[in-house]
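The values are calculated or read from the model by the stated rules, or taken from the named source; none is laboratory data. For clarity, every value in this text was computed on a predicted model and none was experimentally measured. Quick reminder, even Gly has a Cβ in these numbers, built from the backbone with ideal geometry, and neighbours come from all protein chains shown. Quick note on the areas: whole protein, heavy atoms, side chains included, nothing else; ligands and nucleic acids left out. Shrake-Rupley method; radii C 1.70, N 1.55, O 1.52, S 1.80 Å.
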Amino acid sequence: MPTVVSTSIISPDADRVAILINPKAGPTDARPRADRLAMLLEKHGFHVERFTDLAAATGQANRWHAEGRLRALVGVGGDGTAAELVNRTDDGVPLALFPGGNSNLLACYYGLTKDPETMCRVIVEGTAARIDAGRANGRIFLLMVGCGFDAAVVNLVHKHRSGHINLTNYLGPLVNVVRNYDYPEMQVHWEDEGSPGTGPFLRQDEPQSARWLFAFNLPCYGGGFRIASHANGSDGLLDLCGFHQGRFWKCFFSVMFRQHRHSADWSTHRFSRARITSEAKVPYQLDGDPGGWLPLEVESLPGRLTLIVPHEVVETSAK
């Protein structure tokens, strides 16, 4: 169930909308839907500007927000587009997600659809929800960090990317990494006490190890897998989850049948700040995009994301 830190109604004086269209996101061109959304918003009296340049879109959004005129910065793309917008905008800039990527995990989780009429209604009603985010080596992420196997797959996909991609683009890299990845050991160094979970991650007096690690802000992961169904976007903490052996097929089937949380190979711990290191060269990914290589400093950012959401999500969260 989606949760939010707090909500507010955007001022009726906020009459400006910036729409950023990511021309490479997803399997098809989302510009026709974005044009339809712009037309609908203009009929409601909004001044709308469309962009394909990130710097131009976020710069204008920041200026309008400082003036109290911004109703929403609309990101037409996927989860990577959403994260890029948050990283380039000031705290409090209201973001609306118009799905145009492959998975659109964040948008789907908060009930945002690809229908222009529905998206227009959500923006016009103007309910802004404050949601937690995370930061990894200085970069904000919204969903999760993956260290190890899945990051190696993401790196291969993006290494050969030249335009639009769909889920079939992941098959070759996935097979390659399943065959060749050697699961080097990683260590987790706690920098705060956090909140106890299960497994060896309960210990705080020395680094804990795993061979496949995640830090979740929200319970969202590609393919519909519920790796961290307990993750909560309004508790001010991140959920570190790890497989200690980290072999793909064992992990895959345990997650698919939702048995991993009962496995001795699995641990989880809630934290606000931690450091992940390895003696080997281990990649990490942020919200499905390449992030870099360990070491990694990870911390929670309570209430950092301001997201325009449907009223139904707010009402459900309040129950």
Selection from the range 272-291 of residues that are open to solvent by 50 Å² or more (accessible area, probe 1.4 Å), in contact with a strand residue (DSSP E or B) (Cβ under 8 Å, 6 or more places away or on another chain) and in a loop (DSSP other than H, G, I, E, B): 281
Residue in the range 3-29 that is most open to solvent (accessible area, probe 1.4 Å), counting only those that are assigned to a strand (DSSP E or B) and modelled with pLDDT under 90: 9
Residue within the range 242-256 that is under 28 Å from residue 158 (Cβ atoms), in a loop (DSSP other than H, G, I, E, B) and out of contact with any strand residue (DSSP E or B) (no Cβ under 7 Å at 6 or more places or on another chain) present: yes
Segments classed as helices (runs of 4 or more DSSP H), wholly inside the range 30-107, with at least 1 members that are open to solvent by 10 Å² or more (accessible area, probe 1.4 Å) and closer than 27 Å to residue 224 by Cα: 31-43, 79-88
Flag for residue 137 being crowded, with 22+ Cβ neighbours inside 10 Å and at positive phi: no
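So if I check each of 269, 230, which one is in a loop (DSSP other than H, G, I, E, B), modelled with pLDDT under 95 and not charged (D, E, K, R)? I'd like the intermediate steps shown before the answer.
Values: 269 fails: in a loop (DSSP other than H, G, I, E, B).
Exactly one residue qualifies, and that residue is 230.
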Any hit, the range 264-280, residues being among the small types (Gly, Ala, Ser), in contact with a Phe, Trp or Tyr (Cβ under 9 Å, 6 or more places away or on another chain) and closer than 23 Å to residue 142 by Cα: yes
Inter-residue pairs, beta-carbon under 7 Å, first open to solvent by 10 Å² or more (accessible area, probe 1.4 Å) and in the range 235-252, second assigned to a helix (DSSP H, G or I), 6+ apart: 248/149; 248/178
